[in-house]
Amino acid sequence: MLEIKNLHASIDEKEILKGLNLSVKAGEVHAIMGPNGAGKSTLASVVAGKEDYEVTEGSIELEGENIDELGADERAHQGVFLSFQYPVEIPGVSVTNFIKTAINETRKARGLEDMPARDMLKKIKEKSELLEIDSKFLSRSLNEGFSGGEKKRNEIFQMAMLEPKVAILDETDSGLDIDALRIVANGVNKLKSEDNAVIVITHYQRLLDYIVPDFVHVLHDGKIVKSGTKELALELEEKGYDWIKAAL
Amino acid sequence: MSKYTEDDLKKELETKEYEYGFYTDIESDTFPTGLNEDIIRAISAKKEEPEWLTNWRLDAYRKWAQMEEPDWANVNYQKPDFQAISYYSAPKKVDPNKTLDDVDPELLKTFEKLGISLDEQKKLSGVAVDVVVDSVSVATTFKKTLAEKGIIFCSISEAIKDHPELVKKYLGTVVTKTDNYYAALNSAVFTDGSFCYIPKGVRCPMELSTYFRINQSGTGQFERTLVVADESSYVSYLEGCTAPSRDENQLHAAVVELIAMDDAEIKYSTVQNWFPGDAAGKGGVYNFVTKRGLCEKNAKISWTQVETGSAVTWKYPSCVLKGNNSVGEFYSIAVTNNYQQADTGTKMIHLGKNTKSTIISKGISAGKSQNSYRGLVQISPRAENARNFSQCDSLLMGNECGAHTFPYIEAKNKTAQIEHEATTSKIGEDQIFYCNQRGIDTEKAIALIVNGFSKEVLNKLPMEFAVEAQKLLEISLEGSVG
């Protein structure tokens, strides 16, 4: 599904990713862990196509197609989704209006007509129920005055609406209380299928109790330095990252 | 919003240049250029005006000749040469009886291109239209329906002929003929415009709409609008403006006067997209307009404007809150792109007790444009418990444009409550990236953000206008972020 080979990326001439390899197959959940500054969020941004980063070497392939040259919007049309760590506010644009626009723009790019209003409403209703989102919430301005939990729930709501092939969740657990965490994780689990893949970026084991990964990778200094199964996450929780750094 | 489809938008966006920039070739009857007392007499004679009006014009002209063109606004432009303008231009083939069948088919095509339909469709949507092409009102629809309610809606020339007592009573009472340089010029040379009178206790059953358009090259358009809402009446009035693109500057100096008597309400909405000049700043309309409304007891006047056009704008729709408990509102979106300059805002003059005013101004600047809000809130010594709330938000796109706010507050009564809020923001790259990541391209993202920013004002527009305004915002900002 997603194939990252020898990825080098830098921002303002500073290299952050230094030869990263990652292979994610359909139906899999991968967790990426690592200390602050390891390059976790950079990886998410680079895959999503943020222009501030320059890819100097290596490649990113989605279903066998190289997406390096595509803009962020085009990657989204191909099925890449990023749940932001810090979702931005867009005053005056409602949650509903925003997601409608996103869906119809994506459909347009795929040569489809706008989604009929009735189908859209039905889908919004269904997906908002999945994430226990109140209908009043849908008419609020996007992320404006949202609590941390509301922002993250809204990110996963958008994921549910857009049905991406690869979803990258960048620290979706940060700022969530335990109830919100359960709702968000539950939502992600329900959206998981044999046709898509999820990459969970997190500092903590906590989220992985709910979204159980098939593989866990440790990112350090722009490279994946250790990979394992979900037990690796438990080990990291117990021992921290120093033992891995020491082993390098 | 159901009528507004993606396809419409797509079509609009494909038109990269100013989309109303076509010129209709109709024979017109144009005066030689220049301004003097003979020209004014000729205009007045051509329009078969009564003597009092000829003298009124001449008086305005003499005062104007003594006045200086104002230069306090935050705009720079080459001052118009008033002797190089022709002050009268009328399409030749207009039948005085003014039925649609008599209208030049070329002109009807122009209306079609503008998207103004004077046909059944429009009737169904309940809009009465008075169209001013250059200086003469060409067709007024719905006169009959309105007449049954005693509503008068016609060109000001007709009003001068058919209702001279009303015109004489109210003309120049809110904006006096010597109010300012351009108002004086307008008073001297105005050629047409609209007149509207709503009788006591009548609620106008439809939106009244006027469409202005400057067609003939080298002509200035000086239209005059007078709206009188008698006691306890209500009217919503829409005004739309376009001009073909030309590389010389065209002058537009209009005067609008509103009178809301006791318990009356007037909503006045404008969507203005006069030609803004090309991307290099050449050409465009100079829009120097005086708009003011007078509120008697318990009356209310709302100005709503969406300004996307003109090379230079100088415009301050104002309310004189004379009666106790009267209310004034000003909702504005002003967009400037490329080399456009706008100095616009409002004046709220609180004279009566318990008067209230609200100002919501949204300025959007892009390209190398300069966008200024200038507003005055004045509380007179007698205006007990006056209240004002002002909010001025500016949105910047790119690094070469400017947004300026000049709020003036003069409170001479200590019971006054005045609030002023101002924000300046920039469309952030993180906002664009967020939208991109959701599959929304950059142009569409900007349109979305701008619409969100302008929503409070767009919501104040009648539905049909809101859709048009939204499209205009998108078109006028197209290509402004690279």
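Key figures
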quantity: Helix A:148-162 axis, angle to chain A major axis (alpha carbon atoms, nearest 10°); calculated: 80
quantity: Under-5 Å amide H pairs with B:Phe275, H placed in peptide plane, nonlocal only; calculated: B:Ala243, B:Val285, B:Ser310
quantity: Other protein chain Cβ atoms within 10 Å, averaged over every residue that makes up B:426-435; calculated: 6
quantity: Share, in percent, of DSSP beta bridges within region A:2-247 that are antiparallel, nearest 5; calculated: 60
quantity: Added length on full extension, which subtracts the Cα-Cα distance from 0.36 nm per residue, A:Ser174 to A:Glu63; calculated: 36.9 nm
quantity: Relative compactness, region B:363-426, computed as alpha-carbon Rg over 2.2 N^0.38 Å; calculated: 1.40
quantity: For B:Gly293, residues with placed amide H under 5 Å, excluding near neighbours; calculated: B:Leu258, B:Ser318, B:Cys319, B:Val320
quantity: Calculated from backbone phi, Karplus (6.51, -1.76, 1.60) coupling profile of region B:469-477 in Hz, x at Gly/Pro; calculated: 5, 4, 5, 4, 4, 5, 5, 6, 9
quantity: Nearest-0.05 FRET efficiency for B:Thr145 and B:Phe389, computed from C-beta distance (R0 45 Å); calculated: 0.75
quantity: Under the Karplus curve 6.51 cos²θ - 1.76 cosθ + 1.60, θ = phi - 60°, whole-Hz ³J(HN,Hα) for region A:178-186, x wherever Gly or Pro sits; calculated: 5, 5, 4, 4, 5, 5, 4, 5, 4
quantity: Region A:158-248: GluC sites (Glu not before Pro) falling in loop per DSSP and having at most 14 other Cβ within 10 Å; calculated: A:Glu194
quantity: Amide H contacts of B:Glu410 (H built 1.01 Å from N, under 5 Å, at least 5 apart or other chain); calculated: B:Val377, B:Gln378, B:Ile379
quantity: Point-to-point label distance, A:Asn21-B:Arg41, nm (Cα→Cβ direction, 7 Å offset); calculated: 9.8
quantity: Low-density loop cleavage sites - GluC sites (Glu not before Pro) in region B:31-72, where at most 10 other Cβ are within 10 Å (DSSP); calculated: B:Glu48, B:Glu68
quantity: Region A:2-247: projected area of the alpha-carbon convex hull, averaged over directions, in nm²; calculated: 13.2
quantity: Value of relative contact order over chain A, rounded to a whole percent, pairs C-alpha under 8 Å and six or more apart; calculated: 29
quantity: Per-pair calculated FRET efficiency, R0 = 56 Å: B:Glu429 and B:Arg62 via Cβ, rounded to 0.05; calculated: 0.45
quantity: Pair B:Asp179, B:Arg382: separation of 7 Å Cα→Cβ label points (nm); calculated: 2.0
quantity: Computed E for B:Lys168/A:Ser135 - FRET, C-beta separation, R0 60 angstrom, nearest 0.05; calculated: 0.55
quantity: Where labels lie 7 Å past Cα in the beta-carbon direction, separation of A:Arg206 and A:Glu231 in nm; calculated: 2.6
quantity: Region B:406-420 - phi-based ³J(HN,Hα) in whole Hz, Karplus 6.51/-1.76/1.60, Gly and Pro as x; calculated: 10, x, 10, 10, 10, 10, 10, 9, 7, 7, 5, 10, 10, 10, 9
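Throughout, read-outs are computed from the coordinates displayed, never taken from laboratory work. No experiment lies behind these values; they were computed from the predicted model shown. With ideal geometry, Cβ positions are generated from the backbone for all residues, glycine too; neighbour counts draw on all protein chains shown.
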